[in-house]
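These notes concern the structure reproduced below.
The values are calculated or read from the model by the stated rules, or taken from the named source; none is laboratory data. Remember, it's a predicted structure, so these values are computed and weren't measured experimentally. A quick note on method: Cβ atoms are made from the backbone with ideal geometry, for glycine too, and the neighbour counts reach across all protein chains shown.
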Amino acid sequence: MRYDTQEHAVAAAHGHATFMGLDNRKMAFWAFIGSECLLFGSLISTYLIYKGRSLTGPYPHEILNIPFTSFSTFDLLMSSLAMVLALAAVQRGDMKQGKLWLLITALLGLVFLGGQVWEFSHFYHEGLGLTTNLFGSTFYVLTGTHGAHVTVGVIWLLTLWIQALRGKLGPANAMTVEITGLYWHFVDVVWIIIFTVVYLIQ
Amino acid sequence: MAEHQAHATTGTYLRIAAILVMITLVEVGVFYVPAFQSALVPVLLVLSAIKFALVVMFYMHLKFDNKFFTLLFGGPLLLGFFVVISLLFLFYGGIRLRTGM
């Protein structure tokens, strides 16, 4: 069998259009994000169902630090802004700006993760472990799953940044950056809900 | 590609970011004001929904993209929402039936 390597390379860079004229990777990724809605929906349901049913402390109002988490929320919102600015720069071919904003997005993600590590270790020292009470179990599973998603996002962003540094990312690969952005913004909107449901509505 | 339409401008992105930060400040402010405690939950849920919609519409470009993407995202999102509501209703409804409270 003879392969047209140039055609395959172009397909790999640009994806294939579906019969609707939509990029197949983008369509698949939106479907994936849809499935993630159900994952986080089930985790948030579990948190809400067991809310206020812990028999022993620490309880949410004793331990949650609103000013600190508000800063984490601000950090993640700013990372979403950096992400759209990275995409806009890559789409117009300004790779200097593109690289800068990609790096800033990843660094803001790392700041968020650092905050979560600090928060978890602080809570642990305050006596809240994964099996301490229902609040601990549901809180760590929900926010930990979100943190795992942020970790994947940071690795993904750094990979893109390294590709950009090596000159392998340009306007022709803007869809790759757009899909990364979809993932990153989804992680942000999930946190918007967690911040309200877990931290502010106690 | 057919779905690739004009996205928002940098100015729009910055304005959306400013609105998101302001809403977050209002959320935190409302949390600390005792006078708002009676209406805290609905106010926070509405503000959170506005932030969610702004990010999805402008940063994820659903406002500008093909409507099929809105369907791919909105369908499971609605399903997830109904799962949350149904589970809460089943769980707390069951407790009310057993305890009469």
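Summary of computed values
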quantity: Qualifying residue in segment A:114-127 (condition: surrounded by 14 or more Cβ atoms within 10 Å (Cβ to Cβ) and among the aliphatic types (A, V, I, L, M)); calculated: no
quantity: Residues located in segment A:46-80, provided they are of a type in the set (Gly, Ala, Ser) and over 24 Å from A:Leu113 (Cα atoms); calculated: A:Gly52, A:Ser54, A:Gly57
quantity: Any chance A:Met95 is crowded, with 17+ Cβ neighbours inside 10 Å and within 14 Å of chain B (Cβ to nearest Cβ); calculated: no
quantity: Subset of segment A:47-66 that is more than 8 Å from chain B (Cβ to nearest Cβ) and assigned to a helix (DSSP H, G or I) - its residue that is farthest from A:Phe195 (Cα to Cα); calculated: A:Glu62
quantity: Candidate set from segment B:1-39 (those that are surrounded by 17 or more Cβ atoms within 10 Å (Cβ to Cβ), at pLDDT 90 or above and at the interface with chain A (Cβ under 7 Å from one of its Cβ atoms)); member that is nearest to A:Asn173 (Cα to Cα); calculated: B:Tyr13
quantity: Every residue from segment A:153-172 that is in a loop (DSSP other than H, G, I, E, B) and closer than 14 Å to A:Gln97 by Cα; calculated: A:Gly167, A:Leu169, A:Gly170
quantity: Matching entry among A:Val150, A:Val190, A:Val177 (being farther than 16 Å from A:Leu103 by Cα and in a helix (DSSP H, G or I)); calculated: A:Val190
quantity: Residue check for A:Glu178: away from chain B (no Cβ under 12 Å) and either in contact with a Gly (Cβ under 7 Å, 6 or more places away or on another chain) or of a type outside the set (Val, Ile, Thr) (or both); calculated: no
quantity: Flag if A:Phe29 is surrounded by 15 or more Cβ atoms within 10 Å (Cβ to Cβ) and either of a type in the set (S, T, N, Q) or at pLDDT 95 or above (or both); calculated: yes
